[in-house]
Amino acid sequence: MHSSARWPSGRRKWPIWAKNVQTGIWSRLPGGFQPDYQGYGFIRQHSAVARDQRRVYVSVDEASATAAFWYIDFSAGFSCATVSGLLRPSTSVAPLRGTTGAFTDGHPDGRHLWYWPDLLSPTGLIMQDLDQVRQVQLAIGNGLSIGSGEEPGMFYDATGNRLIIVQRKSDGTIRYRVIQIPADPYQVSGYQVSAEKTLELDPSVVVSGYTHFYSKMKYHSQLGVVLVPQDRGRMLAFRPSL
């Protein structure tokens, strides 16, 4: 491999590609490459869009370090897009990567927060504050329980400034709960956790087996509907009782 394709560290440079979903054409981003870092784990990065900033954020785990993030800034247009370096918060945390997390696009105060289950505590959440380059463990409790092997769907509902967490349980049921985010997201006692609700399937619904949730289950914010993929057959949809 040519030296120009490697960083001074010797690691490979990874270019960034974007697809025009209207034309189907892929184009290489002229603004650079992903930052130089050594990723850790099988599921290495997830992305989220901040529409107000015209940025795409990428949350990653760095080998021999902790969770971090970087972003692509499209505020000057595609041809002038820029790529940040890797932003490393000082606090070490372990987000559960079996989910895409819940990113607060449309937050009432314009904050850009990214919530994850805590891999080391089933009753806690991790919050990455992208504006402050900070991340913290939140000992939420109050009935929250997400096992390290689970792949919950996690979504942000901007209309109510709250999180929706959907879990597939070992007994085959789908259950969900809602967590209200306080005005001060660092105030753990301000998080309000709803009781867990079990999804009741209509008798006409045929369940063929739920597929893995991470990166697949989606929340349609305009309709307020959660879309649940199956291994085979039609995708299921339900409107959470919030």
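The values are calculated or read from the model by the stated rules, or taken from the named source; none is laboratory data. Since the model is a prediction, treat every value here as computed from it, not as a measurement. Backbone-built Cβ (ideal geometry, glycine too); neighbour counts: all protein chains shown. All accessible areas refer to the heavy atoms of the entire protein, side chains included, with ligands and DNA or RNA removed. Shrake-Rupley method; radii C 1.70, N 1.55, O 1.52, S 1.80 Å.
List of remarks:
- Scanning region 31-71 for residues that are closer than 21 Å to residue 218 by Cβ, among the hydrophobic types (A, V, I, L, M, F, W, C) and open to solvent by 20 Å² or more (accessible area, probe 1.4 Å), we see that the one that is nearest to the chain's Cα centre (by Cα) is 49.
- Answer from 186, 115, 156 - the residue that is within 24 Å of residue 55 (Cβ to Cβ), among the hydroxyl-bearing types (Ser, Thr, Tyr), touching a residue at least 12 places away in the same chain (Cβ under 8 Å) and assigned to a loop (DSSP other than H, G, I, E, B): 186
- On inspection, residue 143 does not qualify as under 30 Å from residue 206 (Cβ atoms) and part of a loop (DSSP other than H, G, I, E, B).
- The single residue among 85, 24 that is in a loop (DSSP other than H, G, I, E, B) and in contact with a strand residue (DSSP E or B) (Cβ under 7 Å, 6 or more places away or on another chain) turns out to be 85.
- Across region 16-30, the number of residues qualifying as open to solvent by 100 Å² or more (accessible area, probe 1.4 Å) and in contact (Cβ under 8 Å) with a residue 40 or more places away in the chain comes to 0.
- Of all residues in region 83-103 being surrounded by 15 or more Cβ atoms within 10 Å (Cβ to Cβ) and β-branched (Val, Ile, Thr), the one that is farthest from residue 44 (Cα to Cα): 83
- Which listed residue is surrounded by 17 or more Cβ atoms within 10 Å (Cβ to Cβ) and out of contact with any Phe, Trp or Tyr (no Cβ under 9 Å at 6 or more places or on another chain), from 162, 232, 168, 177: 177
- Whichever residue in region 104-133 is of a type in the set (S, T, N, Q) and open to solvent by 20 Å² or more (accessible area, probe 1.4 Å) and, among such residues, is nearest to residue 218 (Cα to Cα): 123
- Residue in region 3-10 that is closer than 24 Å to residue 121 by Cα and either open to solvent by 30 Å² or more (accessible area, probe 1.4 Å) or in contact with a Leu (Cβ under 7 Å, 6 or more places away or on another chain) (or both) present: no
- Residue within region 72-82 that is among the hydrophobic types (A, V, I, L, M, F, W, C), under 30 Å from residue 147 (Cβ atoms) and free of Cβ contacts under 8 Å to residues at least 40 places away in the same chain present: no
- Figure legend. Inter-residue proximity from region 194-215: first residues modelled with pLDDT under 70, second residues open to solvent by 60 Å² or more (accessible area, probe 1.4 Å) and not hydroxyl-bearing (Ser, Thr, Tyr), beta-carbon distance below 6 Å, spacing 6+ or different chains. Indicated pairs: 208/231; 208/232; 208/233; 209/231; 210/168; 211/231.
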